[in-house]
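Notes for the one structure printed next.
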Amino acid sequence: MHSAEPTPSAPTTAHRPTPAVQVLSAEKTYPNGTQALLPVDLTIEEGEFVTLLGPSGCGKSTLLKMVAGLLEPTDGRLQLWHKPVAQLGESGKKMAFVFQSPTLMPWASVQTNVRLPLDLAGVPRQEADGRVAEALALVGLSKFASALPRALSGGMQMRVSIARGLVTQPDLLLMDEPFGALDEITRHKLDADLLDLWRKKKLTVIFVTHSIHEAVFLSSRVVMMAARPGRVVEQFTIDAPYPRTADFMVSPEFSRYAKQLQDSLLRASADTEETAA
Amino acid sequence: MSTPFPAASVAAPEERSAQTMRAPSPSKAPKPAAPRIPLMAQPRVQRVVYPLLVGLVLIALWQGLVTALELPPYLVPSPLLMLKTLFTDWAALGGSLWVTVKITVLAFGVATVAGVLISFLFVQSKRIETALFPYAVLLQVTPIVAVAPLIIIWVKDPTASMVICAALVALFPIISNTTLGLRSVEPDLQSYFQLNRATRMQTLLRLRIPSALPYFFGGLRISSGLALIGAVVAEFVAGTGGQGAGLAYQILQAGFQLNIPRMFAALLLISLTGVALFALMAWGTRVALGSWHASENSHD
């Protein structure tokens, strides 16, 4: 594995920003012997927008779920702000997870859905309602607070899901192919909105996708992964300045990055075929 | 003032499409263009009128055949005679109807409460369910006619014994449906609750129970009919023992006396009770789930 970062677990020094996520040789093997993910070393600094890019079966969702604490690594460790994932609360930091589907409660209104994490945490109703209104305004759905999810389009349901993620004011936002099921026009719009939000709220984002274009457009860093067995193969820093607009998507710079990622993806799958043969 | 999602100023395509279905909640939406559709073309009217027409034709045929063939009333009474008997014998039949309805409703209530409690027990752990589920099946497959005499002997109070019989018949669909429902939580939503460190109780109240409701109501619909069947069977068994006063008892007695019109009248009352129960359950389901569950919105 040739990582772009030679010393992933280097100690924090004054000139380096705080690492938000540290993956320390974490790996996942399922009981039937399938290697979902070979050991990964990865450090994500506060404020980065990191994309995990790769074909299906490359373990990108597995890695994200390990960061969230939904899956335990078979070996190795993960830390969020220098604490084990389960003890994130002690550092005063918060994490939110946005799934591939909106995963809303179909029986509850948009407002109740967005308020769910606050209700679960026991936030008083009045304060919670205020924060829900803010989060809904942020995703442009204030008018739909009392609607049921089924009355909304797929893109709007995804916005509700994002609002539910933001309402807890998280520091780390984990997104598992959140716009994968949407049409391309809606996806571009939501991608752009997400970038604005990331800059405005100074979030740290880990974003899983299988779209090269989405990865180049969004990320400050792309982690390229390959399948069979799932592993990290390469990392790319996308040095284009923010804010990125539609113009960026048709620039030669954009094409150059896309080509790089494409080539890396081809090399990785060629490696896989050699091992298989 | 720049919000990251400026939906108000520049409406995204998805928003524009949503404008056409702006209604905040489907339940509050006005029925689309109702006045322009002729009365008979409305599905709502058709659902009532079509079966009614079939019923009228069948009854007319029945009346015609009985009159034309001069069938004696002790073999096949005419529909008119049946209705007449319903009125002349109302003193006996009305009382019996009340008894049967009482037993059915009590049994249905007992089955619902017991079934839900057992389901909650089942979903506590897979081990409990594995250990107990075969016995729930055993309960279901043992014919109630075979068990009823025992229960009627063991339980002194006739009403209580018949309620127990009928409840046993109605219990299983509620157990199996509610258990399935409580387990049918969308996996990602379950993960979301786990990520937010929801307690067991929070997950039950906010996730499992609402997810189970459509299944639970499906179980209720089946069980309401079974409770009536169970009540009638229990009355038959009790009736052959000389006790009881329900509609099944009236049918038995009418059979002994060859009072066939009264038998038909009692039969009619049982059928109507069943239909009423089913309609009540369908209405209850619509009230509880109408606004959000797909099964209640397919014909909109």
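The values are calculated or read from the model by the stated rules, or taken from the named source; none is laboratory data. Just so we're clear, the structure is a prediction, and the values are computed from it rather than from any experiment. Every residue, glycine among them, receives a Cβ derived from its backbone with ideal geometry; neighbour counts consider all protein chains shown.
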Quiz item: Do we have any residue at all in the stretch A:223-239 that's assigned to a helix (DSSP H, G or I) and either at pLDDT 90 or above or within 29 Å of A:Lys93 (Cα to Cα) (or both)?
Solution: no
Exercise. Test A:Lys65 against the criterion of being within 14 Å of chain B (Cβ to nearest Cβ), among the basic types (Lys, Arg), over 17 Å from A:Val232 (Cβ atoms) and touching a helix residue (DSSP H, G or I) at 6+ places or on another chain (Cβ under 9 Å), and give yes or no.
Key: no
Quiz prompt | Filtered residues of the stretch A:133-163 (kept if of a type in the set (Val, Ile, Thr) and touching a Lys or Arg at 6+ places or on another chain (Cβ under 7 Å)) | solution = A:Val139
Quiz item: Does A:Ala108 satisfy the criteria of being within 12 Å of chain B (Cβ to nearest Cβ), over 23 Å from A:Leu194 (Cα atoms), not in a helix (DSSP H, G or I) and not aromatic (Phe, Trp, Tyr)?
Solution: yes
Practice problem: Would you mind finding the one in A:Ile206, A:Ile212, A:Ile185 that is out of contact with any Phe, Trp or Tyr (no Cβ under 9 Å at 6 or more places or on another chain) and either at pLDDT 90 or above or at the interface with chain B (Cβ under 10 Å from one of its Cβ atoms) (or both)? | Solution: A:Ile185
Practice problem: Would you tally the residues in the stretch A:68-93 being loosely packed, with under 13 Cβ neighbours inside 10 Å, at the interface with chain B (Cβ under 10 Å from one of its Cβ atoms) and touching a residue at least 40 places away in the same chain (Cβ under 8 Å)? | Solution: 0
Exercise. Identify the residue in the stretch A:134-177 that is assigned to a loop (DSSP other than H, G, I, E, B) and under 15 Å from A:Trp198 (Cα atoms) and, among all such residues, is nearest to the other protein chains (Cβ to nearest Cβ).
Key: A:Val139
Exercise. Go through the residues of the stretch A:94-106 one by one and say whether even a single one is surrounded by fewer than 17 Cβ atoms within 10 Å (Cβ to Cβ) and in contact with a helix residue (DSSP H, G or I) (Cβ under 9 Å, 6 or more places away or on another chain).
Key: yes
Practice problem: Could you tell me whether any residue of the stretch A:118-127 is within 27 Å of A:Met66 (Cβ to Cβ), outside any helix (DSSP H, G or I) and not charged (D, E, K, R)? | Solution: yes
Quiz item: Of all the helices (runs of 4 or more DSSP H) wholly in the stretch B:84-200, which have at least 1 residues that are under 19 Å from B:Gly225 (Cβ atoms) and of a type outside the set (S, T, N, Q)?
Solution: B:90-124, B:126-141, B:144-154, B:158-183
Quiz item: Filtering the stretch A:150-171 down to residues that are aliphatic (A, V, I, L, M) and in contact (Cβ under 8 Å) with a residue 24 or more places away in the chain, which residue is nearest to A:Asp129 (Cα to Cα)?
Solution: A:Val167
Exercise. Would you point out which residue out of B:Ala276, B:Ala227 is surrounded by 19 or more Cβ atoms within 10 Å (Cβ to Cβ), at pLDDT 90 or above and assigned to a helix (DSSP H, G or I)?
Key: B:Ala227
Quiz item: So A:Ile238 fits all but one of (1) more than 14 Å from chain B (Cβ to nearest Cβ); (2) surrounded by fewer than 16 Cβ atoms within 10 Å (Cβ to Cβ); what number is the exception?
Solution: (2)
Quiz prompt | Single match in A:Thr103, A:Thr209, A:Thr204, A:Thr112 (criterion: closer than 19 Å to B:Asp188 by Cα and touching a residue at least 60 places away in the same chain (Cβ under 8 Å)) | solution = A:Thr209
Quiz prompt | Subset of the stretch B:53-78 [free of Cβ contacts under 8 Å to residues at least 60 places away in the same chain and buried (at least 16 other Cβ atoms within 10 Å of the Cβ)] | solution = B:Trp62, B:Val66, B:Ser78
Quiz item: Which numbered condition trips up A:Asp119, out of (1) crowded, with 19+ Cβ neighbours inside 10 Å; (2) in contact with a Lys or Arg (Cβ under 9 Å, 6 or more places away or on another chain); (3) at the interface with chain B (Cβ under 8 Å from one of its Cβ atoms)?
Solution: (1)
Practice problem: Would you point out the residue of the stretch B:282-297, among those that are within 11 Å of chain A (Cβ to nearest Cβ) and modelled with pLDDT of 75 or more, that is farthest from B:Ser211 (Cα to Cα)? | Solution: B:Ala288
Practice problem: State whether the residues of the stretch B:193-201 include one that is crowded, with 17+ Cβ neighbours inside 10 Å, within 29 Å of the chain's Cα centre (by Cα) and within 14 Å of chain A (Cβ to nearest Cβ). | Solution: no
Quiz item: A:Arg125: more than 9 Å from chain B (Cβ to nearest Cβ), within 22 Å of B:Asp188 (Cβ to Cβ) and of a type in the set (Lys, Arg), yes or no?
Solution: no
